[in-house]
Structures are given as C-alpha cells and as structure tokens.
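Right, one structure below, let's go through it.
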There are 2 protein chains.
Amino acid sequence: MELIRQLAMKTNSKIVLLVADGIGGISTVDRPTELEGAKTPNLDDLAAESVTGVHSPVAPGITPGSGPGHLALFGYDPLVFDIGRGILSALGVNFEIQPADVAARVNFATIDEQGVITDRRAGRIPTETCVQLCGELSKIQIEGLDLFVRPEKEHRAAVIFRAPGLSGSITDSDPQRLGTKPLEVLPKDPSDAGAAQMAKRVNEFIAQALAILASHHPANALLMRGFDIYEKLPSFQEIYRLNPACIAAYPMYKGVSRLVGMKVIEDGQETIADEFEVLKKHWQEHDFFFVHVKKTDSYGEDGNYDAKVKVIEELDREIHRVLELEPDVLIVTGDHSTPTDFKAHSFHPVPVLIRSRNARVDDVTRFGEKDVVHGGLGHLAGKHLMALAMAHGLKLEKFGA
Amino acid sequence: MELIRQLAMKTNSKIVLLVADGIGGISTVDRPTELEGAKTPNLDDLAAESVTGVHSPVAPGITPGSGPGHLALFGYDPLVFDIGRGILSALGVNFEIQPADVAARVNFATIDEQGVITDRRAGRIPTETCVQLCGELSKIQIEGLDLFVRPEKEHRAAVIFRAPGLSGSITDSDPQRLGTKPLEVLPKDPSDAGAAQMAKRVNEFIAQALAILASHHPANALLMRGFDIYEKLPSFQEIYRLNPACIAAYPMYKGVSRLVGMKVIEDGQETIADEFEVLKKHWQEHDFFFVHVKKTDSYGEDGNYDAKVKVIEELDREIHRVLELEPDVLIVTGDHSTPTDFKAHSFHPVPVLIRSRNARVDDVTRFGEKDVVHGGLGHLAGKHLMALAMAHGLKLEKFGA
C-alpha cells in the first residue's frame, strides 16, 4: 500500500468497481454455480473483452465478513486493518463515527428472574421495538462522555461512546451462550488504568440500561460485544489520489466506504437500475465509483438458487447502463462467495473481470467460476485488485528507473 | 497460522491428508510424468469430483527436504519453523525427543593416521555395524548430561544430548570435505557462555568416541553436524482443534508427525493396503488422518520410472478403501516432487486434489500435472492447504463481521 501511495498519479481516467455481493458459488457434479447457471450474454461479452481470474479476499480458506471483504477490495489488507465488530455495527447503522469513538454491538436479550440469559435475541423483537428501546437508552447519562444508541434490525443495535481518550480494550458482557448471567465488563489488561475506567463506565451504562429495560420483556436485558476504538484509516484520496464515491443501497456498505474516505451518494437508489442511473447522474463528479449490488448475497444467504440466478440476470440486463458511460476501467467482482448451498458467506475464491483498453485480454469468453480460473489474472489476493485497477487506468508511475 | 487458530472450531467432520511422497514428476516432449503415465482411473474419477491445483511446499524454485515439505503440508511455514538437521535426524530414527534436547546428525567416517578424513561415510558400513557402534558410543558418560546415540541406515546416526539449559548454538565438527581433519566444535557466538560450555562437552564426547572407534576401521571416526535445540511446535490440537493421527511406515514421517502433536499409530502397516486398513480400523478415534505413502519417492530417488508408475497404480487400486470411509475432506497430494529423471527431490510444484461436498468442483477430469494446473485451486503455497482442508470441513469460523 505504501508502494501504491508513492506511485499513484492523478489522471482523468475513471474506474468503476462493481461489486455483486457474494456473487461466487459452488458447483457440484450435478449443478453449476449460480453465476454459471444464469444467462448472462452481456457479462460473457464483457469477459471476452477482459482479463479475468479469481481472488481470495482475506486468504485461502478464510471466509470473509462483509467488512474484511470490502476492505480487501479497497486495497486495505484486512489482516492489518482489523476493524472490530463494534465499529462495523456503527458503520452498519450509518452512524457518522469519529476518530477515538468507542463502539460496541448490542443484542437485546431476555433474562429470567435470576438474571440468567434465556434468549440472546429477545425473541427477535420487531425493528420498531428496537427503535423505541434505543430511543429510551439514548437518554442514559454517563459522566464525562456522550453516548449514542442506534437501532439496527430486529434485536440488533450499536452503542457509541464519545469522549477524548477513551479505551476500547475491554471485554464483552455477552457470554455468547444461554444459561448464564451477562458478564461484567473488564479491562483486557488489568494493569491498564484507562481500560479499567472505561469498563467501569460501560458497567454503569449497562446497570442503567437494565433498569430501563426491566419492564420491556422479552427485551429486558442487553448484551454488548466487540468493543473497539475507531482509528482513522488512510483515505482513498491519500493513497490513490482518487476522488471516490460510493453508490449502495444498504447502510453497512456506505459505512465501510465512509471509513476509507469515500463520498457516499444518497440519491434514493434501491434497485440495480437505480444505482446505475445514479452512477450516470454523478459521472462527472468523481474518478472512482464503488457500486454495490446487495441482493446476490441476500438470496445466497436465503439458500434461494433461482432468485440468486435472477439477480445475476438482472445485473446482466442492466449493465449496459454502466458500459454506455465508457469507464476506462470496469471491474466486476464480489467481496466473497455466498453459495446458496451454504446459505452463508464462504471461503471460495471470487470471480473477477477487469475490462479496460489496457488489459491483456485472455481467452475466457464466459463469466463463470470454472471459466475465469483459466484467466489471465490467475488467482490473486483480493487486496491487490486496487493496484490492478489503478494500473489499468494508467494511474501508477513506473517503479524505479 | 494465528488467524487459523482464532477461527478453528471443533466439528464432527473428518479430514484425510493422503501424501504420496515425491509424487510429482517432470514431463518432457517425449514422455509424460509418472503420474500422467500411470493408469489411474480411480484417481481420475476423484479429480473429476474435486477441486484441483498445484502447490509449492516452500516457495517457487525451492526443493524441499522431507521435514520442510511435511511441515508445509501441516500448515507450518517451513521458513518460520526451520527445524535443524539434528532434530530431523532424531525424528528420523523415531527417537522420542523432548523440549530442550539438543540433537545432531552423525556420520561414521574414516580417518588416516594423521587424523585426516579419507571417507566421510566409512565405506557405507552395513547398518548392523552402525547399530553395534552406536551401542558402544551410548556408554560414553559426560558429566551433567544424558546422551543417546541412535543408528539410522548404513553410516548414519543421531546423537541427542539431554539436560536442562543446553545450547544448540555450536558449529559442526563435519567439514563436509575430504583431506582435512574433523573440526573442533565451537560456540557460534564466542561470547555465548552456554554455547561455549556445550561445545566443550561435545568435544569431550568426540574425544571419547574417537578412542572407542580407533579399533573399528573403516568406521574409526565420527563427524557431527546440524546441532539444534528442540523447541516444541504449536500442536495440531492447539491450532486446529483437531485430534490428529499419523499412519506411516517409515520413521521420519512418524517423527515429523509427533513434532506437531499427532498420535502415531503403530499397527504393523507396511504396504499401502495395510495403511488404508489401519485407517479403517482407527477411523472412529480421530478427526484428522495423515496417511503417508513412501514408495513413490523411493522409486523416484532410484530413477526407476516404471516402478514409480506401478506404485501410483497400486495407490489407485487401493484408494477405494479410503473412499469407502467417506471422509468429509480428502486431500491427495505430495510433500514435493521426485522426478525419476532427477533421482532426487525437486522444486517442481506438486499436484493436489481436494474432494469434499463443499468443494467448488472444477473441470479437471484427470489427476495429472498438466491437467491440474487448470484446476480451481490454481497454484498455491503448500502452507495454505491445511486452511483449505479446515475450510472444506466447515471447521473455520467467518473472519470479521
């Protein structure tokens, strides 16, 4: 990354990084992957004009969460930039987190009369209840810090603590199992005075929260985990000299884009066609666009093969809107695979194509997993894709004389 | 490896790592590799149901010894876990080495009346002579430490020194050439008092050994090299949460398995069929089995193309015994290539297949070097295979949220 920063140049070329979340699948002897099963004449034509391959976002065999998967695509080694669960939760609810904030993931939960956890998800309370409870908890006052409680979906929320000099080195209150009481929050290192003070404040927050929640059965408790302090990442502007924008429909992806200094475009985009029209509308304003398609992953997680195939076919139908803008570099890939057989993210490598007039076109003519493993990019680490994007956009100087 | 340790989960799935030692070969314009030349309908069927590729155990262009080759397969970066020759020799004679033991490789040798080396291998004395000489040398007493002299094959032996606080940082007595006297053993760092004391003790051992050997021409001297202290490696149990077993016929492979905490099954196995029957017998006791086939390498080293082909065909005939056990993950590979044209280990990448219901099956239908380079695994570092084994067994949690 230091190398890229040294070599990056400002030019007029434009890069589009089109991420179909969880696009990769698994093929068996009986059935192709969703991408192979989909009818994708346009993506196939694109593949024929591109250099193709597969990438592993984190490392071979490792299943990436959405945070690490996207950081890798943005060129940030996810093993170096290990963003805690709390920060990702705060990003996921689109909270404008600031450096030195400490954030944690919250589950509303059910405890019995002895205080023992009987349901770690409070019967998956409706999101409206979550919103209301977060409103009440936001009124809690802890001396010396500001706090924010933000609802996510169902029983999920994020808490953010703000004050100078806070510590994120504290343990979870969530024991991640039933039949036990929530844990006391402790400093990870008992000799760390700052962490000890932070733990004390968080325990005070939890005590007040329990008093408020007592009358809200089944959401009569809360469990906190993944405390982490937000440290600013080097930005896209600093590293790549790009003026980047994010076009996404879901908060998590906007959050992770904000983390690396992208402008997040909020223009009411919901569908793939919406997103591509927003791209068109803002085409003159930026030289790098991250466009995120969510539903490939959602249907993968649902285990719905046909629906995942349909989303891929929808992407194929709409992609002409991107091509008409004539981006100098177009990358189509995913942040991880989500095979419908798994109903979850998986470790399988992710197909990728790079279409650019500066690409060494290979002989792959179909955008499918079995085909692109024969492509010119081979099998690469996800974190190297941004360097390739820059290179194909002629945005990197020669290294050495 | 730290990452794998964090993500590893205990599950019921079973992994078999089947290593055909030195299986890879080289193809020329006139002749295929031994694996390609062999008739292997069963391995080919297996490849058709698998994801395939090649791996480089250490790094591109590097020819691995058996120690580094296997450490890589077990997921231990051989450039980080650099096990000294002495330790490998002790493992190779199946000695139960303990942490803090210092071991060295020994050659019985011939010296003339001036003490000058005339044969570094003492005319390759018969193994029985070696056994007898080791028995005599075992009687040597050095104050403050226990010592063990163990025969290997012909002129080869291992010496192990045991006492608290020994140093392995001492130089060889073996000059590795003729026409010179054996060297005095010295501390590698002259200011290292522990190493200086160790060197003194080893020189005393050598002096006593020379007195005993004087009457045993041609084995009238000994040469020592590769002193190293044995430091315990992180175990398979610690890293992978596996309960692993080794099924091998040769001591070296049992030794290297013991090094990483595997249970070494001794059940009289000699042939491939024996090994697979032992696997069957102990199937319920473990969730990871390393099964080692030696003869592919032996015939490679002999330069016997036809015999290596026959061993591969024997493996192909017997592999149904493994398949009948229905392992959740079956990996078939080697620890390095041993082309018969080389009569030695080589640097060429090693074919690999992973058969699992969670594999993304590729379009390779033959288990041969030329075919598997087109496989879905691409060309990977050998040290990543264990992560893939774990991943295909669904034994790794997601990384990040």
Inset, instruction - Take every Cα-Cα distance within the range B:1-106, group them into 10 Å bins from 0 onward, and report for each bin the whole-number percent of pairs it holds. - result: 10, 29, 34, 21, 6, 0
Legend entry - Helix axis angle, A:193-213 relative to chain A longest principal axis, alpha carbon, degrees: 80 degrees
Inset, instruction - Could you give the spread of the C-alpha atoms of the range A:121-198 along their three principal axes, from largest to smallest, in whole angstroms? - result: 41, 31, 15
Inset, instruction - Find every distance from the label point of A:Thr118 to the corresponding label point in the other copies (7 Å from Cα along Cα→Cβ) and write them in nm, one decimal, shortest first. - result: 9.2
Inset, instruction - Taking the Cα atoms of chain B, report the difference between the largest and smallest coordinate on each principal axis, in whole Å and largest first. - result: 66, 52, 37
Inset, instruction - Return the inverse of the average 1/r over all pairs of distinct C-alpha atoms in the range B:320-401, which is the Kirkwood hydrodynamic radius, in Å to one decimal. - result: 14.4 Å
Inset, instruction - Put a label point 7 Å from Cα along the Cβ direction on B:Pro234, then list its distances to the equivalent points in the other copies in nm, shortest first. - result: 2.7
Inset, instruction - Any chance you could give the angle, 0 to 90 degrees and rounded to 10, that helix A:127-137 forms with the longest Cα principal axis of chain A? - result: 50 degrees
Inset, instruction - Quick one: P(r) of the protein assembly as shown from all Cα-Cα pairs, 20 Å bins, percents rounded to integers, in order of increasing distance. - result: 14, 38, 33, 13, 1
Inset, instruction - Please determine, in degrees from 0 to 90 and to the nearest 10, the orientation of helix B:272-281 with respect to the longest principal axis defined by the Cα atoms of chain B, where the helix direction is its Cα long axis. - result: 70 degrees
Legend entry - Percent of beta bridges antiparallel (DSSP, the protein assembly as shown, rounded to nearest 5): 60 percent
Legend entry - Calculated label separations, A:Lys310, copies of the chain, 7 Å along the beta-carbon direction, nm: 6.2
Legend entry - Average projected area [Cα convex hull, the range A:87-229], square nanometres: 7.7 nm²
Legend entry - Choice from A:Phe288, A:Phe342, A:Phe367 with maximal GNM fluctuation in chain A (Cα, 10 Å cutoff): A:Phe342
Legend entry - Percent antiparallel among DSSP beta bridges (both partners in chain A, rounded to 5): 60 percent
Inset, instruction - With no solvent and one equal point scatterer placed on each C-alpha of the range A:77-116, evaluate the Debye formula and give log10 I(q)/I(0) for q = 0.16, 0.34 Å⁻¹, two decimals. - result: -0.55, -1.15
Legend entry - Pairs from B:Lys14/B:Lys263; B:Lys14/B:Lys398; A:Lys383/B:Lys10; A:Lys232/A:Lys281; A:Lys308/B:Lys398; A:Lys232/A:Lys254 whose Cα-Cα separation, in the structure shown, is over 25 Å: A:Lys383/B:Lys10; A:Lys232/A:Lys281
Inset, instruction - Select from A:Gly334, A:Gly84, A:Gly61 the residue whose mean-square fluctuation is largest in a Gaussian network model of chain A (Cα-Cα springs shorter than 10 Å). - result: A:Gly61
Inset, instruction - For every other residue with a beta carbon closer than 10 angstrom to the beta carbon of B:Thr40, add +1 if it is Lys or Arg and -1 if Asp or Glu, then tell me the sum. - result: -2
Inset, instruction - Could you check which residue among B:Ala157, B:Ala245, B:Ala48 shows the biggest mean-square fluctuation in a GNM of chain B with a 10 Å Cα cutoff? - result: B:Ala48
Legend entry - For chain A, calculated [θ]222 nm from helices alone, where every DSSP H run of n ≥ 4 adds -39500 (n - 2.57): -9000 deg cm²/dmol
Inset, instruction - Bin all alpha-carbon pair distances of the range B:256-306 at 10 Å intervals from 0 and give each bin's fraction as a whole percent. - result: 21, 45, 26, 8
Legend entry - Packing-based exposure ordering (other Cβ within 10 Å, fewest first) of B:Asp274, A:Asp341: B:Asp274, A:Asp341
Inset, instruction - Please give the per residue volume of the convex hull enclosing the alpha carbon atoms of the range A:218-308, rounded to a whole number of Å³. - result: 156 Å³
Inset, instruction - List the GluC sites (Glu not before Pro) within the range A:30-67 that fall in a DSSP loop (any state other than H, G, I, E or B) and whose Cβ has at most 16 other Cβ atoms within 10 Å. - result: A:Glu49
Legend entry - Relative contact order (%) - the range A:187-309, alpha-carbon pairs under 8 angstrom, separation at least six: 18 percent
Legend entry - Loop GluC sites (Glu not before Pro), the range A:92-146 (other Cβ atoms within 10 Å of the site Cβ: 16 or fewer; DSSP): A:Glu96, A:Glu113, A:Glu143
Inset, instruction - May I ask you to list the GluC sites (Glu not before Pro) in the range B:154-214 that are in a DSSP loop and have at most 15 other Cβ atoms within 10 Å of their Cβ? - result: B:Glu184
Inset, instruction - Have a look at the range A:194-270 and give its Rg and Dmax from the Cα atoms, expressed in angstrom. - result: 18.8, 53
Legend entry - Inter-part distance where the range B:20-64 and the range B:138-160 are each reduced to a Cα centre, Å: 40 Å
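No value in this document is a laboratory result; all are computed from the given coordinates. Model, not experiment: these values are computed from the prediction. Positions of Cβ are generated from backbone atoms using ideal geometry, with glycine treated the same way; all protein chains shown enter the neighbour counts.
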